[in-house]
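Q: After the structure tokens below, expect a handful of questions from me.
The values are calculated or read from the model by the stated rules, or taken from the named source; none is laboratory data. The structure displayed is predicted, hence computed values, not measured ones. We place every Cβ from the backbone using ideal geometry, glycine too, and count neighbours over all the protein chains shown. For the accessible areas, the whole protein counts, side chains as well, though only heavy atoms, and no ligand, DNA or RNA atoms are used. Shrake-Rupley method; radii C 1.70, N 1.55, O 1.52, S 1.80 Å.
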Amino acid sequence: VVLMSATADITRYKEYFRDLGRGERVEVLGIPSSEQHTLYQRRVSYLEQVVELLGMRSESLSLKYCSGPSPYSSEATLNEEVHELIHNLVLHIHKNEPDMEKSILIFLPTYHALEQQWLGLNHVRSAFKIHILHSSIDTEQALNAMSISKSHRKETDFHRASLSFETLLLVQKVMDPPRPEVVDDALELLVHIHALEKTVPRGRYEPTFYGRLLSSFSLSFDASMLIIKFGEAGLLREGIIIGILMDTQPLPIIRPFGQEALFSKFTDDYYIQDGKLTGLMGRKEVIFMANFCAFKFWQRFFKDDLRLDRLKHLLEFDETTNTQVTSLKIEEEWCLFHNLVQSSLQRVADIYETVLNSVHRYRPNFLATSNGLPSYYEPYDFHHTCLLTVDHGDDSDPLATDDDSNPIYETKKCIALPFVDANGFNKNEVAFRLANSIKEMRICYLEDSTGNHQIQSFVSYNGVEASLCRFFINGTCNKGAQCLFSHSLEAKRPVCKFFYSLQVCTPFILWLLG
């Protein structure tokens, strides 16, 4: 195992790994300094130095470039001045660095920040190859960023990693463990949902049957919980697909970078939200539902037909062609016709089989009541016949290199829309179950071991008690006794619209972290 870093505290790492056992050892190899002609030189410049380097005014730097009281504040965003500073610094480096094979790497905190920075730099694309590295971008496109260009300086590369896969089994042994009370709260939650239990007489935590089932999925906690909720509702297979999609990047439906309107069109081709009918409350859930329909569409109208063709070849004893290679090429083209990422679809299918095998291995009670028929046995009256057209649009793919053909605007497209009919693949019932499962999970997270809610906003009220006045909280209510809302801090608070969805509610996360 090789650990490489230009900034790590080597002493801490060496101390941490000292007890490997079995005669193994830890060695530290240092890269020579710049005086010894090293290939890797590192120089740290702080904000004040960068501003001075660019000849910009330096007064009130922290107020001008850093908004929000802390990096974890919901208001801690990159303002226009920060994007301008990054833009000017990139141009400065490009002008003063003669080696065109060297790239410029930029790290930004959010997907929105990536889009904003890209829009600014896109005006100087004649001098740069701009690549985007993000978990939602297809791996094939990300690998383009790794090639060296001798004619253009390369990119701005953007990256934001996902930290959604956590485990409680190792947290107390990591180098920087979380606070003990955070671990205790997590353990208490797992006990509350009957995933863990304390054994006697030692009082150690041991996984229950339910806990072993959850851990066998190898998915995030929320995704695993959702699969169980769907299984209990008799929709196991649908729940497995959506649970996997929650942990999958990129998702099956192509997401053109910087073109949200086009992405919305792609998702609408598979699923159009009807919140009144299903109860879905967030954009993320709608995107997951669209990708669920896209996956089922791919299963039904490509994979099932492919199985039939292979069966015909077997019956005809046709071994003259390499059908596997041919089928893969056809599948990639078919996916592009329908704005889908083939590698993402196949990844979901592979994980699906693994999770389903785990369910059958543990055989929970709900397995007997789940609709267990694979998709190709389900009755489905809707038929799709591709109607292809060639789009000669003038737009270009923002992630394409000079040698790339544009998969979105310069290839054939299927215009036989919609790809999924009004209630194809039972999508309304699935969406309704998704909305309710999320609500049940969120409420469960707020309950203590006795089943009582930990915050007052989720207590059931039967009377006509007034909600808390939001202007009173801010100190701006001027109606006094005439206000129809309560001026008591003990009054019930309105439920956050993001809380019952998969959107991130920053104040709630901060509340959980104490």
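Q: Report yes if some residue within region 407-420 is part of a loop (DSSP other than H, G, I, E, B), at pLDDT 90 or above, touching a Ser or Thr at 6+ places or on another chain (Cβ under 7 Å) and not polar (S, T, N, Q); otherwise report no.
A: Yes: one or more hits.
Q: Name the single residue, out of those in region 258-277 being surrounded by fewer than 22 Cβ atoms within 10 Å (Cβ to Cβ) and aromatic (Phe, Trp, Tyr), that is nearest to the chain's Cα centre (by Cα).
A: The extreme case among them is Phe263.
Q: Pairs needed: first member in region 411-435, open to solvent by 20 Å² or more (accessible area, probe 1.4 Å); second member anywhere, among the β-branched types (Val, Ile, Thr) and part of a helix (DSSP H, G or I); C-beta distance under 8 Å; at least 6 residues apart or different chains.
A: Filtered contacts from region 411-435: Asn428/Thr278; Phe432/Thr278.
Q: Just the residues that are out of contact with any Phe, Trp or Tyr (no Cβ under 7 Å at 6 or more places or on another chain) and part of a helix (DSSP H, G or I), please, taken from region 421-433.
A: Result: Phe425, Asn426, Asn428, Glu429, Ala431, Phe432.
Residue-by-condition table, conditions (1) farther than 29 Å from Val191 by Cβ; (2) in a helix (DSSP H, G or I); (3) modelled with pLDDT of 90 or more:
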| position | (1), (2), (3) |
| --- | --- |
| Gly203 | no, no, no |
| Ser215 | no, yes, no |
| Ser218 | no, no, no |
| Ser224 | no, yes, yes |
| Arg237 | yes, yes, yes |
| Ile241 | yes, yes, yes |
| Gly258 | yes, no, no |
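Q: Follow-up question, since we're still on this one. Examine region 163-173 for a residue that is modelled with pLDDT under 85 and farther than 30 Å from Pro364 by Cα, and state whether such a residue exists.
A: yes
Q: Do you know which residues across region 226-251 are farther than 11 Å from Val430 by Cα and open to solvent by 10 Å² or more (accessible area, probe 1.4 Å)?
A: If the condition is that a residue be farther than 11 Å from Val430 by Cα and open to solvent by 10 Å² or more (accessible area, probe 1.4 Å), then Lys229, Glu232, Met246, Asp247, Gln249, Leu251 are the ones that fit.
Q: From the list Ser73, Ser126, Ser67, Ser147, which one is part of a loop (DSSP other than H, G, I, E, B), more than 22 Å from the chain's Cα centre (by Cα), at pLDDT below 80 and under 30 Å from Lys284 (Cα atoms)?
A: Ser67
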